[in-house]
Amino acid sequence: MSNGEIGIFYLNGNTYIKELHDGPDGVYLVSLNEKYHPIQIYESDSFKIFGKVVGKCKGAEIPGFH
């Protein structure tokens with residue numbers, strides 16, 4: 001996963017959809033909503049990347065979705 005991409009992440013028992021920021025001051029999960037602070041990821045954390053978000057759609061755009 002590249003720096004600045006939005007993904008689905010597991011961190012210490014919680015799951016997040018956030019933007020990944022890897023910089024000189026550390027690795028962070030950053031929310032697109034400014035009311036949430038970035039979450040720093042430490043080497044001692046339990047961290048997994050479940051996947052990358054490639055787009056969004058509305059339920060009405062999915063055939064058979066109710």
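With protein chains left intact and a 1.4 Å probe, residues in the chain average 79 Å² of accessible area per residue. For Val27, the residues whose modelled amide H falls within less than 5 Å of its own, excluding neighbours fewer than 5 places apart on the same chain, are Ile41. Once neighbouring chains are kept in place and the probe is 1.4 Å, which whole percent of the accessible area of the chain is contributed by carbon and sulfur? About 53 percent, which is the carbon plus sulfur part of the accessible surface.
Considering all different alpha carbon pairs of the chain, the Kirkwood hydrodynamic radius works out to 13.2 Å. Gain on full extension, evaluated as 0.36 nm per residue between Phe50 and Ile62 minus their Cα-Cα distance, stands at 2.1 nm.
The values are calculated or read from the model by the stated rules, or taken from the named source; none is laboratory data. Here the structure is a predicted model, which means the values were calculated and not measured. Each accessible area value is taken on the protein alone, full model and side chains, heavy atoms only, with ligands, DNA and RNA left out. Shrake-Rupley method; radii C 1.70, N 1.55, O 1.52, S 1.80 Å.
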